[in-house]
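Trainee: To start, I am sharing the structure in question, which I have written as structure tokens.
The values are calculated or read from the model by the stated rules, or taken from the named source; none is laboratory data. Predicted model, so just to flag it, every value in this text is computed and none were measured. Note that we place each Cβ from the backbone using ideal geometry, even for glycine, and neighbour counts take in every protein chain shown. All accessible areas refer to the heavy atoms of the entire protein, side chains included, with ligands and DNA or RNA removed. Shrake-Rupley method; radii C 1.70, N 1.55, O 1.52, S 1.80 Å.
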Amino acid sequence: EETEYIESIKADVRWLGFDWKENLYFASNYFQQLYEWAEDLIRQNKAYVCSLNEVELKEYRGNFNRPGKDSPYRNRSVEENLDLFRRMKKGEFAEGAHVLRAKIDMQSSNMNMRDPLLYRIRKTAHHRTGDQWCIYPMYDYAHPLSDAIEHITHSICTLEFQDHRPFYDWCIENVPVPAKPQQYEFARLNMTYLVMSKRKLLQLVKENLVMGWDDPRMPTLSGMRRRGYTPESIRLFTSRIGVSKAESLIDFEILENCVREHLDEVSERALAVLRPLKVTIDNWPANEKKLLEPAVHPKKPELGKRQMYFTKEIFIEASDFMENPDSDFFRLAPGKEVRLKNAYVIKCKEVKKDSAGRVLELICDYDEVTLGGKPPADGRKVKGIIHWVSATECVEAEVRLYGRLFAVSAPEDVPEGVDWKSNLNQNSLTVIKNAKLECSLSKASLAKRYQFERMGYFCLDSKDSKSERLVFNMVVDLQK
């Protein structure tokens, strides 16, 4: 594999809270030992050098309905096989000229036992051993023997490797290994609205259908980390769903609920208006700003207090105003009142529009006695509470809202001839360029998570956010 993948795995595992310490191993550490064991198999007449080309190998191997047939090179002598294999190692042959195969049973009903490949020629530098080798062991050969060298007891893999287990055991039984590991298979994690195959995820990356392996919509640890998921929430999720032998499809909402559960405990609160609508407080003095009572986290006061200013001009969420509201709409409307979070009750008395009839601005009055949740003096009831930010005491940011990567719960379940990528959700990313956030977020930290009240949980984007231009990712919305 490439160094990029190795370093990414190491970073992801450490981020999750684990470390190999002195137990970080590479199969390339054992290339010499694996080669010597391959020679030992040749001497036992249990491996041979085959000179069929790739097309011929496939033909001779057969399929599930047709048994394989012996390679014409299967009965080469031990001496000839050793000579050819050593010359393969020296680089005397071109790629594809020869392979080393185990001599097992070409009639086996298990395709993996039909004289599987042990080594192939590949004249490519290795990221750890450089140009030292030009033949490389196949995965199914290196896997069990590496486990044995490392004294692995339980070699855990996914169910699709169940048919590979007989060859795993064959390698252990026919090579003088220092330990006897066993392979155990479990169902891999499958989730709704996602594909989990590395091959398919690589397609999304290579075809620029996502922003890379760390795209916040991708089911990769690097993507989840960038989106703002926490190690604690992922560990909670894996603990909650357990491990099974049976194939199953886990609802994506279970993961989201675990993320919400942890973020509710650790996230700082803030007010943010994503789609701002300007409101002018007509009876508020011009150029005056009032420092409100510091806002405190409802569950963890130790997370600190936030300073907020009330000013003549503020922004509210555009969706919190309706010109012709339904009877159950308890937010702002012409002639109606609403309470601003941590501030005053305001009443809309005028709506300003452009020539096309679009709402540009609301003109409102505030009720001075209602600061900090106090009721109006005449005892009238105000049902709705909305969030807001000062138009002059705020910070501007880009906010990215993420939906499901795929539009259907089982994106790979498509009729024959239909591309599974056609199920991609074209609305999985919404970018809001000029959101207005309370001033405390000007000092937002990559290490922290924030609950934008009434919106969801957010974090700074680790790649694109800069001090001069903040970019926030929505981690997950609030529970509906």
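Trainee: Go through the residues of the stretch 293-311 one by one and say whether even a single one is in contact (Cβ under 8 Å) with a residue 24 or more places away in the chain, among the basic types (Lys, Arg), in contact with a Phe, Trp or Tyr (Cβ under 9 Å, 6 or more places away or on another chain) and open to solvent by 30 Å² or more (accessible area, probe 1.4 Å). So that I can check it myself, show each step before the final result.
Mentor: First, pick out the residues of the stretch 293-311 that are in contact (Cβ under 8 Å) with a residue 24 or more places away in the chain: 293, 295, 297-300, 303-304, 306-311.
Now restrict to residues that are among the basic types (Lys, Arg): 299-300, 306.
Going one step further and asking which of them are in contact with a Phe, Trp or Tyr (Cβ under 9 Å, 6 or more places away or on another chain), we end up with none.
No, the stretch 293-311 contains no residue that is in contact (Cβ under 8 Å) with a residue 24 or more places away in the chain, among the basic types (Lys, Arg), in contact with a Phe, Trp or Tyr (Cβ under 9 Å, 6 or more places away or on another chain) and open to solvent by 30 Å² or more (accessible area, probe 1.4 Å).
Trainee: Another one. Every residue in the stretch 323-372 that is open to solvent by 30 Å² or more (accessible area, probe 1.4 Å), part of a loop (DSSP other than H, G, I, E, B) and closer than 20 Å to Val389 by Cβ, please.
Mentor: Of everything in the stretch 323-372, those that are open to solvent by 30 Å² or more (accessible area, probe 1.4 Å), part of a loop (DSSP other than H, G, I, E, B) and closer than 20 Å to Val389 by Cβ turn out to be Arg331, Lys341, Asn342.
Trainee: Quick check on my filter: what residues within the stretch 133-162 are more than 24 Å from Lys245 (Cα to Cα), open to solvent by 40 Å² or more (accessible area, probe 1.4 Å) and touching a strand residue (DSSP E or B) at 6+ places or on another chain (Cβ under 8 Å)?
Mentor: Met138 - this is the single residue of the stretch 133-162 that is more than 24 Å from Lys245 (Cα to Cα), open to solvent by 40 Å² or more (accessible area, probe 1.4 Å) and touching a strand residue (DSSP E or B) at 6+ places or on another chain (Cβ under 8 Å).
Trainee: Could you tell me which numbered condition Asn287 fails, if it satisfies all but one of (1) at positive phi; (2) open to solvent by less than 60 Å² (accessible area, probe 1.4 Å)?
Mentor: It fails just one condition, (2).
Trainee: I would also like to ask the following. Restrict the check to the stretch 422-434 and report whether at least one residue is hydrophobic (A, V, I, L, M, F, W, C) and touching a Ser or Thr at 6+ places or on another chain (Cβ under 8 Å). Break it down stepwise before answering.
Mentor: Within the stretch 422-434, the first condition is being hydrophobic (A, V, I, L, M, F, W, C), and the residues that meet it are 424, 429, 431-432.
Those left that are additionally touching a Ser or Thr at 6+ places or on another chain (Cβ under 8 Å): none.
Within the stretch 422-434, not a single residue is hydrophobic (A, V, I, L, M, F, W, C) and touching a Ser or Thr at 6+ places or on another chain (Cβ under 8 Å).
Trainee: Now a separate question. Which ones in the stretch 197-237 are at pLDDT 95 or above, open to solvent by 60 Å² or more (accessible area, probe 1.4 Å) and assigned to a helix (DSSP H, G or I)?
Mentor: Lys206, Arg225, Glu232, Arg235
Trainee: May I ask you to verify whether Lys89 is in contact with a Gly (Cβ under 8 Å, 6 or more places away or on another chain) and either modelled with pLDDT of 95 or more or more than 15 Å from Leu34 (Cα to Cα) (or both)?
Mentor: The answer is no for Lys89.
Trainee: So, one more: Take the residues of the stretch 176-196 that are open to solvent by less than 20 Å² (accessible area, probe 1.4 Å) and within 13 Å of the chain's Cα centre (by Cα): which is farthest from Pro144 (Cα to Cα)?
Mentor: Selected residue: Leu194.
Trainee: While we're here: State the number of residues belonging to the stretch 466-480 that are surrounded by 13 or more Cβ atoms within 10 Å (Cβ to Cβ) and either in a strand (DSSP E or B) or without any contact (Cβ under 8 Å) to a residue 12 or more places away in the chain (or both). Reasoning before the result, please.
Mentor: Looking only at the stretch 466-480, we keep the residues that are surrounded by 13 or more Cβ atoms within 10 Å (Cβ to Cβ), and these are 470-478.
From what's left, either in a strand (DSSP E or B) or without any contact (Cβ under 8 Å) to a residue 12 or more places away in the chain (or both): 470-477.
Looking only at that region, the number is 8.
The rows are residues; the columns are (1) in contact with a Lys or Arg (Cβ under 8 Å, 6 or more places away or on another chain); (2) part of a loop (DSSP other than H, G, I, E, B).
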{"position": "Cys258", "(1), (2)": "yes, no"}
{"position": "Glu261", "(1), (2)": "no, no"}
{"position": "Arg269", "(1), (2)": "yes, no"}
{"position": "Ala286", "(1), (2)": "yes, yes"}
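Trainee: Filter the stretch 8-34 down to the residues that are touching a Pro at 6+ places or on another chain (Cβ under 8 Å) and either open to solvent by less than 40 Å² (accessible area, probe 1.4 Å) or on the phi > 0 side of the Ramachandran plot (or both) and list them by number.
Mentor: Step one: list which residues in the stretch 8-34 are touching a Pro at 6+ places or on another chain (Cβ under 8 Å), which gives 15-17, 27, 31, 34.
Listed by number, the residues that qualify are Leu16, Gly17, Phe31, Leu34.
Condition check ((1) among the aliphatic types (A, V, I, L, M); (2) under 35 Å from the mean Cα position of the chain (by Cα); (3) closer than 19 Å to Val55 by Cβ) across all residues:
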site: Phe93; (1), (2), (3): no, no, yes
site: His98; (1), (2), (3): no, no, yes
site: Ile104; (1), (2), (3): yes, no, no
site: Gln107; (1), (2), (3): no, no, no
site: Arg114; (1), (2), (3): no, no, yes
site: Tyr119; (1), (2), (3): no, yes, no
site: Lys123; (1), (2), (3): no, yes, no
site: Arg128; (1), (2), (3): no, yes, no
site: Gln132; (1), (2), (3): no, no, no
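Trainee: State all residues of the stretch 375-409 that are outside any loop (DSSP other than H, G, I, E, B) and without any contact (Cβ under 8 Å) to a residue 40 or more places away in the chain; if no residue qualifies, say none. Walk me through how you get there before you give the answer.
Mentor: If we filter the stretch 375-409 for residues that are outside any loop (DSSP other than H, G, I, E, B), which is where we start, we get 385-386, 388-390, 394-402, 406.
Residues satisfying the conditions do not exist here.
Trainee: A further question follows. Sort out which residues of the stretch 446-456 are assigned to a loop (DSSP other than H, G, I, E, B) and within 21 Å of the chain's Cα centre (by Cα), and write them in order of number. Even if it seems obvious, please write down each step before you answer.
Mentor: Restricting attention to the stretch 446-456, the residues satisfying the condition of being assigned to a loop (DSSP other than H, G, I, E, B) are 446-449, 453-455.
Within the stretch 446-456, Leu446, Ala447, Lys448, Arg449 meet the criteria.
Trainee: Specify the residue that is nearest to Arg87 (Cα to Cα); the eligible residues are those in the stretch 29-56 that are in contact (Cβ under 8 Å) with a residue 24 or more places away in the chain and among the acidic types (Asp, Glu).
Mentor: The selected residue is Glu39.
Trainee: When you scan the stretch 121-134, do you find a residue that is closer than 22 Å to Cys171 by Cα and among the small types (Gly, Ala, Ser), even just one?
Mentor: No, the stretch 121-134 has no match at all.
Trainee: Still on this structure, please answer the following. Does the stretch 163-176 contain any residue that is over 18 Å from Met474 (Cα atoms), in contact with a strand residue (DSSP E or B) (Cβ under 8 Å, 6 or more places away or on another chain), among the hydroxyl-bearing types (Ser, Thr, Tyr) and modelled with pLDDT under 95?
Mentor: No, the stretch 163-176 has no match at all.
Trainee: Check Tyr184 against each of (1) touching a residue at least 12 places away in the same chain (Cβ under 8 Å); (2) assigned to a helix (DSSP H, G or I) and name the one condition it does not meet.
Mentor: Only one criterion is unmet by Tyr184, namely (2).
Trainee: Taking the stated definitions as given, is Ala318 more than 17 Å from Ala272 (Cα to Cα) and of a type in the set (A, V, I, L, M, F, W, C)?
Mentor: Values: more than 17 Å from Ala272 (Cα to Cα): no; of a type in the set (A, V, I, L, M, F, W, C): yes.
Here the answer is no, as Ala318 does not meet what is asked.
Trainee: Which one of these does Asn423 not meet: (1) in contact with a Lys or Arg (Cβ under 9 Å, 6 or more places away or on another chain); (2) polar (S, T, N, Q); (3) within 15 Å of Met218 (Cα to Cα)?
Mentor: Of the numbered conditions (1) in contact with a Lys or Arg (Cβ under 9 Å, 6 or more places away or on another chain); (2) polar (S, T, N, Q); (3) within 15 Å of Met218 (Cα to Cα), the odd one out for Asn423 is (1).
Trainee: Of everything in the stretch 410-445 that's assigned to a strand (DSSP E or B) and not aliphatic (A, V, I, L, M), which residue is surrounded by the fewest Cβ atoms within 10 Å (Cβ to Cβ)?
Mentor: Kept after step one, since they are assigned to a strand (DSSP E or B), are these residues of the stretch 410-445: 424, 429-438.
This time we only want the ones that are not aliphatic (A, V, I, L, M), so: 430, 433-434, 436, 438.
On the way: Thr430: 12, Lys433: 8, Asn434: 12, Lys436: 24, Glu438: 25.
Here the residue is Lys433.
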